[in-house]
Amino acid sequence: MVSNYEYQDPTPSERLNPKQLRMLTFRSLLLQASFNYERMQAAGWLYSILPGLRQAHKNKKDLSKAMKDHMEFFNTHPFLVTFIMGIILAMEQNKEDREAIRGIKVATMGPLGGIGDALFFLTLLPITASIGASLAIEGNILGPIIFVVMFNIIHFGTRFGLMKFGYEAGVSAIAKLKESTQQISRAASIVGLTVVGGLIATYVAFNIDYVWVSGDAELDIQSEVLDAIMPGLLPIAYTLLVYWLLKKGRSPLVLIGLTVVVGLLGSFLGIM
Amino acid sequence: MLMEAILIALWAGIIGIDLYVGLTHIHRPVVSGLVVGLILGDVTTGLIVGGTLELIWMGMVPLAGAQPPNVVIGGVIGTAFGILSGQDPNVAVGVAIPFAVAVQALITLFFTAFSPVMHKADEYALDANYRGIERINYLGVTILFVFNALIAFLPIYFGASQAATIVETIPEWIIDGLGIAGGILPAIGFAMLLKIMLKKEYVMFMIVGFVLAAYLNMPILAIALIGLSIALYDFYKSKQDPPAPREEEITDGI
């Protein structure tokens, strides 16, 4: 339940100053620099928090362990990531249990991903872009300029504000919860896994697009068969299959290749 | 034309980065319209075509990893074609869309092909080699730049409408298939998380999360709050319990 890693140097490190927090916010712009389907934003996430991580762990073995942990799968909304960065760096500098750090990271990335999409891509972008576009269509050069300025005031305001807020919230919450790391790790894992369960059903898009016809009878395989058994059947089944193959030691790369083949085959046969 | 094509390629490279890194949204067609218009010497047409393309791409945003037709190449090639050919903005849209769809398929391939690099990143992490991690991220940015610049340069230099006919010969099933695969691929990331986090005593919470999303279509935030309620209940309950039996339970867990 509690991770078996003991820090070589368990003394809490120095706090990050406002200048460092600003620098970390700028680094968060590269969150998706090394995006890929195996870990998504993981390497960009590690890049973003790296200076904070190095300040937290002066011991090389501790730093290596922390860096390795942060190379695990990560995906959230790129504007709201600074909030998670703040909390996680507060936990790292306080030498919290590694499993608790992972739990908090996973528990926050999913909800923030959804909130961010709704706030920025479904609200802020359409509003500012349609104001800009309506001016541009009339040939007004202010259209694009107004769009970029309005959008980025809110964009960067969010990034910098949440960095500060996340870090301060992290520091003060940790001080209060200090004595019960074991229970916190467990609580974080509970929230984390509940969220992962939801993420699988929400974000894995795996549907059969095939209608079986026999005489007058038509049977839509997805809506009338698979969804009737259980909605989200294929996403959870495929995720568990991959999970099982990973546990058997298959490389994620092979599984990515397999998935691409499944997509191409499904499209070629016209069943997906 | 060479000079203009190079300048447009540079712009496409920069905003190709911005689509993933930076996200200042200068990559939207309404901005591309202005810049391409400046490069080609017809700002008004650039603004009009860019504004029109902007409205078309308005609903096409990257949500939850599902990638819409590529807005960078769509915006740049669409405006350039609109200005150079003097055609109606809607014709420019017709030329821009096949490129945008094909480029998005290529980006799916790139994100797949970049996965092996993560194993190099694991090695760097293990050595606490932070410069290595930084290099990998700069490599990604460089590839995005070169890729987008090249894709924008070729059709503008050789003529967008001819290039569009060539792009249209790519079988549709390949492009669709890559899109389908892109929808399924998040499963791999989630499975990797499960491999790290999932323990027998936590399986029930994953089931709860799954059921809430699959059957009740609850948003992730609502699911996280329910997870949090369960966790808080568990947390305060375990604090009340006498420590001795818990100790035993914990050792069993490990």
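Below is a table of values for the structure above.
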item	result
Residue that is modelled with the lowest pLDDT [pool: residues in the range B:44-72 that are of a type in the set (A, V, I, L, M), open to solvent by less than 40 Å² (accessible area, probe 1.4 Å) and more than 14 Å from the chain's Cα centre (by Cα)]	B:Met58
Residue within the range A:124-147 that is under 22 Å from the mean Cα position of the chain (by Cα), in a helix (DSSP H, G or I) and under 29 Å from A:Ala169 (Cβ atoms) present	yes
Top-ranked residue of the range B:199-212 - restricted to ones that are under 24 Å from A:Glu72 (Cα atoms) and either open to solvent by less than 20 Å² (accessible area, probe 1.4 Å) or at the interface with chain A (Cβ under 7 Å from one of its Cβ atoms) (or both), ranked as farthest from the chain's Cα centre (by Cα)	B:Tyr202
A:Gln183 out of contact with any Cys (no Cβ under 6 Å at 6 or more places or on another chain), within 30 Å of A:Leu16 (Cα to Cα) and assigned to a helix (DSSP H, G or I)	yes
Those residues of the range A:119-143 which are of a type in the set (S, T, N, Q) and surrounded by fewer than 16 Cβ atoms within 10 Å (Cβ to Cβ), in sequence order	A:Thr123, A:Ser134
Top-ranked residue in the range A:95-137 [being charged (D, E, K, R) and within 8 Å of chain B (Cβ to nearest Cβ); ranked as farthest from A:Ile49 (Cα to Cα)]	A:Asp117
Within the range B:67-177, helices (runs of 4 or more DSSP H) holding 1 or more residues that are closer than 30 Å to A:Lys68 by Cβ and in contact with a Phe, Trp or Tyr (Cβ under 6 Å, 6 or more places away or on another chain)	B:89-113, B:130-158
Flag if A:Trp244 is surrounded by fewer than 23 Cβ atoms within 10 Å (Cβ to Cβ), of a type in the set (Phe, Trp, Tyr) and modelled with pLDDT under 90	no
The range B:83-93: number of residues that are closer than 14 Å to B:Glu54 by Cα and either in contact with a strand residue (DSSP E or B) (Cβ under 6 Å, 6 or more places away or on another chain) or not β-branched (Val, Ile, Thr) (or both)	3
Residues (in contact with a Leu (Cβ under 8 Å, 6 or more places away or on another chain) and either surrounded by fewer than 23 Cβ atoms within 10 Å (Cβ to Cβ) or among the charged types (D, E, K, R) (or both)) located in the range A:86-105	A:Glu92, A:Gln93
Wholly enclosed helices (runs of 4 or more DSSP H) of the range A:3-77 bearing at least 1 residues within 24 Å of the chain's Cα centre (by Cα), at the interface with chain B (Cβ under 7 Å from one of its Cβ atoms) and without any contact (Cβ under 8 Å) to a residue 60 or more places away in the chain	A:42-56, A:60-70
Among (1) modelled with pLDDT under 90; (2) open to solvent by less than 40 Å² (accessible area, probe 1.4 Å); (3) under 17 Å from A:Ile104 (Cβ atoms); (4) out of contact with any Leu (no Cβ under 7 Å at 6 or more places or on another chain) - the single one A:Thr181 does not satisfy	(2)
Subset of the range B:168-198 that is open to solvent by 30 Å² or more (accessible area, probe 1.4 Å) and touching a residue at least 60 places away in the same chain (Cβ under 8 Å) - its residue that is farthest from the other protein chains (Cβ to nearest Cβ)	B:Glu168
Which numbered condition A:Pro231 misses (of (1) in a helix (DSSP H, G or I); (2) open to solvent by 20 Å² or more (accessible area, probe 1.4 Å); (3) at pLDDT 90 or above; (4) not acidic (Asp, Glu))	(1)
Any hit, the range B:19-31, residues being more than 9 Å from chain A (Cβ to nearest Cβ) and part of a helix (DSSP H, G or I)	no
Failed condition for B:Thr165, given (1) open to solvent by 80 Å² or more (accessible area, probe 1.4 Å); (2) at pLDDT 95 or above; (3) more than 7 Å from every other protein chain (Cβ to nearest Cβ)	(2)
Any hit, the range A:201-223, residues being aliphatic (A, V, I, L, M), part of a helix (DSSP H, G or I) and surrounded by fewer than 24 Cβ atoms within 10 Å (Cβ to Cβ)	yes
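For every residue, the table says whether it meets (1) touching a Gly at 6+ places or on another chain (Cβ under 9 Å); (2) within 19 Å of A:Gly192 (Cβ to Cβ); (3) surrounded by fewer than 21 Cβ atoms within 10 Å (Cβ to Cβ).
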site: A:Leu46; (1), (2), (3): no, yes, no
site: A:His57; (1), (2), (3): no, no, no
site: A:Ser64; (1), (2), (3): no, no, yes
site: A:His70; (1), (2), (3): no, yes, no
site: A:Phe79; (1), (2), (3): yes, no, no
site: A:Ile84; (1), (2), (3): yes, yes, no
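The values are calculated or read from the model by the stated rules, or taken from the named source; none is laboratory data. These figures come from a predicted structure and were not determined experimentally. As a convention, Cβ positions derive from the backbone with ideal geometry for all residues, glycine included, and neighbour counts pool all protein chains shown. All accessible areas refer to the heavy atoms of the entire protein, side chains included, with ligands and DNA or RNA removed. Shrake-Rupley method; radii C 1.70, N 1.55, O 1.52, S 1.80 Å.
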